[in-house]
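The values are calculated or read from the model by the stated rules, or taken from the named source; none is laboratory data. Quick caveat: nothing in here was measured; it's all calculated off a predicted structure. When we count neighbours, we look across all protein chains shown, and the Cβ atoms used for this are built from the backbone with ideal geometry, even at glycine. Just so you know, the surface numbers come from the protein's heavy atoms only, side chains and all, with ligands and any DNA or RNA stripped out. Shrake-Rupley method; radii C 1.70, N 1.55, O 1.52, S 1.80 Å.
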Amino acid sequence: MTLAATLRTALTGLSTAQQALAVTAHNVSNAATEGYVRKVHAQEPIVLDGRGAGARALDPRRIADEFLVAELRTRSARLGRSEVLEELLRRAQDDILGTPGGGGLHERVAAVAAAAEALANDPAKAAQRSQLLGAAEELTEALARAGERVQELRGEADRRIDRLIDAVNADLAALERIDREIVGGRASPELEDVRDRLLASLARRIDISTYRNEDGRIAVYLRGGQPLLEGGRRVLVYDPAPVVANTTRFGPITLYRARDVDPATGEPIAGAEGVELVTSGLRAELPPELVTGTPADEALIVRSPLREGELQGLLEVRDRYLPELADQLDELARITRYALNAAHNAAVASPPPESLTGSRLEDGTFDASTRAGTAWLAVIDRASGATLQTVAIDLSADLATLVAQLDADLGGHGDAVLDSEGRLSIALGAGKGIALADGDGRITVTDAAGRVWDYGFSHYFGLNDLFEADPARPTAMAVRAAVARDPSLLATARLDVDPGPPPSASLGGIGDGRGARGLAAAFQRSVATVPRGALDRAASTIGAYAADLVGAVATRVARTGGAADTDRAMVEELSNRVAAVSGVNMDEELARLVLYQQAYAVSARIVRITDELFDELLSLKR
């Protein structure tokens, strides 16, 4: 080998050592950079005419275990879903149901029951009436707030879905830009690091799988098989609901090719066709009252092919868990109204009111119901408590006949009519009060959910309800305005009827606590319920249902919290394993630094010695 060849060989050694030192310095400077993958210097020998001619530096190699990285993405997607469920369901528990000792919903129910017991023990005491009405109003306010809060959380989840989709689209756009920079199948290690970080971010948000093409580019698919990045980027399009209520129908999440979406507005261009990823609809599962058994049901169900990721977690909260909670709250409100209104309608205020107007808007349900027996109405002198007239009400008659007969039987004492909206109204003359008793009369109605409701005459028409309902919002109810204004209208007495003939009736006085005891007993009455989520009882008392509701939510929160803890531990373990393979070890880098430093120094010495030999050769010629 000539001196010139020796010099060239030594210079390649210097160049290779320089690049090796640069790779080491890059590793050390990024030791604390999240997602950075360690690079290893690579080189190969130069062979010319069959002889060694030094070394050539190759592109640095990334040290990564692709299997561990792929598994970490899968587990991160699972963690994304479980953390969303844990966060929003825990907030639902704390914000809606309250904490023990903090005036939670179940404690409001218990407070009304305790106040009813106190009133039953002392029905003449005004303070006990006010206490019961105050507790009842607090319960109705808590139920109304709970129903509103459920929909607020659903609206928040819907807006987060919109923001998350924007983030997914941004990640896909960045991945597409990186793919364009990869030319000839050679991606720089730094670009691959950036791509891995984007894929990790994307995998946490949405359920994906990836495939590395031979040219070094990456293809990204949804877990169901739809491409997100394959020969061009796709764009997810979603329009959040402006207002979220129990009847809100959410729009679909649709996939379009990027060229079919206007970049200025984010909306598809006219005529563009997309693929529906998540269907539009009301919720993930229909409650019994909405099931018709026809193809129309399918259009109301939100369906998602995803299984993991933050997006799936938000969809589950919005479309399954919170609607189930809303149903359970509605069921609690419904059985509370039914049981307490039944008890209040079976009782009479002392003195009784001069007029009663029903809350039910008659729509043909009465004539379609199963009816039998006789109810009773007594006209009471409000001053003396004496019975002026006793009227039998035949419930087997059709509605028009029943009202006409009742009006005729009242004679000169008053009138009974159906108003323009179908409400039954009974009004007596001044100084006369209305007292009602169910007798053996029963009106049985089966609702759209399949529940069978058993009513007395007054209860069916809502003549003496304690609670008024909002038909548009089942959870929202209030103490009947007349009773809230005048606590003396709280029904605590009972009307006793002797059917005769001739029929006669007598009303207990202000000390008659049988009606108040009926209110207290209503909390122990088992009422028909419809299965709602984890609450699958066919019947329940008010207190038991409230306790079951709180327990079911607490159980679900504990379960999702446990799942999130497990997923976090798994992600942490996988992250540590990935870091052990791909992370920068300062001791190893220091050892390499010494090696490359020595290689550089020896190559430099060879250059110097070769230079000295060249000088000696030149001096011989002189």
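Report yes if T475 is under 23 Å from A342 (Cα atoms), under 49 Å from the mean Cα position of the chain (by Cα), of a type in the set (V, I, T) and open to solvent by 70 Å² or more (accessible area, probe 1.4 Å), otherwise no. It would help to see each step written out before you state the result.
Details: under 23 Å from A342 (Cα atoms): yes; under 49 Å from the mean Cα position of the chain (by Cα): yes; of a type in the set (V, I, T): yes; open to solvent by 70 Å² or more (accessible area, probe 1.4 Å): no.
Judged against the criteria, T475 is not a match.
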Worksheet item: Of all the residues that make up segment 268-293, how many are open to solvent by less than 60 Å² (accessible area, probe 1.4 Å) and in contact (Cβ under 8 Å) with a residue 60 or more places away in the chain?
Response: 2
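How many residues are touching a residue at least 60 places away in the same chain (Cβ under 8 Å) and either open to solvent by less than 10 Å² (accessible area, probe 1.4 Å) or not β-branched (V, I, T) (or both) if we restrict to segment 85-111? Full working, then the answer.
In the first step, residues of segment 85-111 are kept if they are touching a residue at least 60 places away in the same chain (Cβ under 8 Å); the result is 85-86, 88-93, 96-97, 104-106, 109-110.
Of the ones still in play, those that are also either open to solvent by less than 10 Å² (accessible area, probe 1.4 Å) or not β-branched (V, I, T) (or both) are 85-86, 88-93, 97, 104-106, 109-110.
The qualifying residues number 14.
What about T374, is it touching a residue at least 24 places away in the same chain (Cβ under 8 Å), closer than 30 Å to Y545 by Cβ, of a type in the set (S, T, Y) and open to solvent by 10 Å² or more (accessible area, probe 1.4 Å)? Step through it out loud before you land on a result.
On the way: touching a residue at least 24 places away in the same chain (Cβ under 8 Å): yes; closer than 30 Å to Y545 by Cβ: no; of a type in the set (S, T, Y): yes; open to solvent by 10 Å² or more (accessible area, probe 1.4 Å): yes.
No.
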Worksheet, complete the sentence: Pairs returned, first residue in segment 136-153 that is over 13 Å from A333 (Cα atoms), second residue that is among the acidic types (D, E) and assigned to a helix (DSSP H, G or I), beta-carbon separation under 6 angstrom, 6 or more apart or interchain, are R149/D95
Worksheet item: Hey, any hits in segment 536-555 for a residue that's open to solvent by less than 30 Å² (accessible area, probe 1.4 Å), in a helix (DSSP H, G or I) and of a type in the set (F, W, Y)?
Response: yes
Worksheet entry | Selection status of Q151, open to solvent by 10 Å² or more (accessible area, probe 1.4 Å) and more than 19 Å from the chain's Cα centre (by Cα) | no
Worksheet entry | Pairs, first farther than 12 Å from E190 by Cβ and without any contact (Cβ under 8 Å) to a residue 40 or more places away in the chain in segment 15-40, second part of a helix (DSSP H, G or I) and among the hydrophobic types (A, V, I, L, M, F, W, C), C-beta under 9 Å, six or more apart | A25/L593; V40/V23
Discussion item. Of the residues L191, L255, only one is assigned to a strand (DSSP E or B) and either open to solvent by less than 20 Å² (accessible area, probe 1.4 Å) or out of contact with any Lys or Arg (no Cβ under 9 Å at 6 or more places or on another chain) (or both); which?
Written reply: L255
Worksheet item: Within segment 509-528, is there a residue that is open to solvent by 10 Å² or more (accessible area, probe 1.4 Å) and within 25 Å of V403 (Cβ to Cβ)?
Response: no
Item to complete: Count, please, the residues in segment 258-267 that happen to be under 13 Å from N169 (Cβ atoms) and either open to solvent by less than 40 Å² (accessible area, probe 1.4 Å) or in contact (Cβ under 8 Å) with a residue 12 or more places away in the chain (or both).
Response: 4
Worksheet item: Is one or more of the residues making up segment 444-458 basic (K, R) and either at pLDDT below 95 or within 19 Å of A333 (Cβ to Cβ) (or both)?
Response: yes
Discussion item. For a quick check of your reading of the model, give me the residue pairs whose first member lies in segment 223-247 and is under 23 Å from T475 (Cβ atoms), whose second is modelled with pLDDT of 90 or more and of a type in the set (F, W, Y), with beta-carbon atoms closer than 8 Å and at least 6 apart or on different chains.
Written reply: A241/F250
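Considering only residues of segment 556-587 that are farther than 30 Å from I96 by Cα, small (G, A, S) and without any contact (Cβ under 8 Å) to a residue 40 or more places away in the chain, which is surrounded by the fewest Cβ atoms within 10 Å (Cβ to Cβ)?
Narrowing segment 556-587 to residues farther than 30 Å from I96 by Cα: 570-587.
Adding the requirement that they be small (G, A, S) leaves 575, 579-580, 582-583.
Next, from what is left, pick out any that are without any contact (Cβ under 8 Å) to a residue 40 or more places away in the chain: 579-580.
Values: A579: 15, A580: 11.
The residue in question is A580.
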Item to complete: Taking A120 as the residue in question, decide whether it is surrounded by fewer than 19 Cβ atoms within 10 Å (Cβ to Cβ), aliphatic (A, V, I, L, M) and farther than 25 Å from G561 by Cα.
Response: no
Worksheet item: Is it fair to say L79 is closer than 30 Å to V594 by Cβ and either of a type outside the set (K, R) or open to solvent by 50 Å² or more (accessible area, probe 1.4 Å) (or both)?
Response: no
Worksheet entry | Some residue of segment 415-422 being closer than 21 Å to S504 by Cα, surrounded by 16 or more Cβ atoms within 10 Å (Cβ to Cβ) and modelled with pLDDT under 95 | no
Worksheet item: Within segment 353-400, how many residues turn out to be in a loop (DSSP other than H, G, I, E, B) and closer than 19 Å to A493 by Cα?
Response: 7
Worksheet item: If you scan segment 29-43, which residues turn out to be closer than 15 Å to T16 by Cβ and either hydrophobic (A, V, I, L, M, F, W, C) or open to solvent by 70 Å² or more (accessible area, probe 1.4 Å) (or both)?
Response: V40, A42, Q43
Discussion item. Could you list, ordered by first residue, the pairs with Cβ atoms under 8 Å in which the first is in segment 163-191 and closer than 19 Å to Y36 by Cβ and the second is small (G, A, S) and modelled with pLDDT of 90 or more, at least 6 apart or interchain?
Written reply: D171/S201
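Applying the selection to segment 54-78, what residues are in a helix (DSSP H, G or I) and in contact (Cβ under 8 Å) with a residue 40 or more places away in the chain? First the steps, then the outcome.
We begin by selecting, within segment 54-78, every residue in a helix (DSSP H, G or I); these are 66-78.
Selection gives L68, V69, A70, E71, L72, R73, T74, R75, S76, A77, R78.
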Worksheet, complete the sentence: The lone condition L590 fails out of (1) of a type outside the set (D, E, K, R); (2) free of Cβ contacts under 8 Å to residues at least 12 places away in the same chain; (3) surrounded by 13 or more Cβ atoms within 10 Å (Cβ to Cβ) is (3)
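If only one of A427, A435 is touching a residue at least 60 places away in the same chain (Cβ under 8 Å) and surrounded by 24 or more Cβ atoms within 10 Å (Cβ to Cβ), which one is it?
That would be A435, the only listed residue that is touching a residue at least 60 places away in the same chain (Cβ under 8 Å) and surrounded by 24 or more Cβ atoms within 10 Å (Cβ to Cβ).
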Worksheet item: When the residues of segment 197-246 are filtered to those that are out of contact with any strand residue (DSSP E or B) (no Cβ under 9 Å at 6 or more places or on another chain) and assigned to a helix (DSSP H, G or I), which remaining residue is most open to solvent (accessible area, probe 1.4 Å)?
Response: R197
Worksheet item: Which residues, counting only those in segment 495-519, are charged (D, E, K, R) and more than 46 Å from the chain's Cα centre (by Cα)?
Response: D496, D498, D512
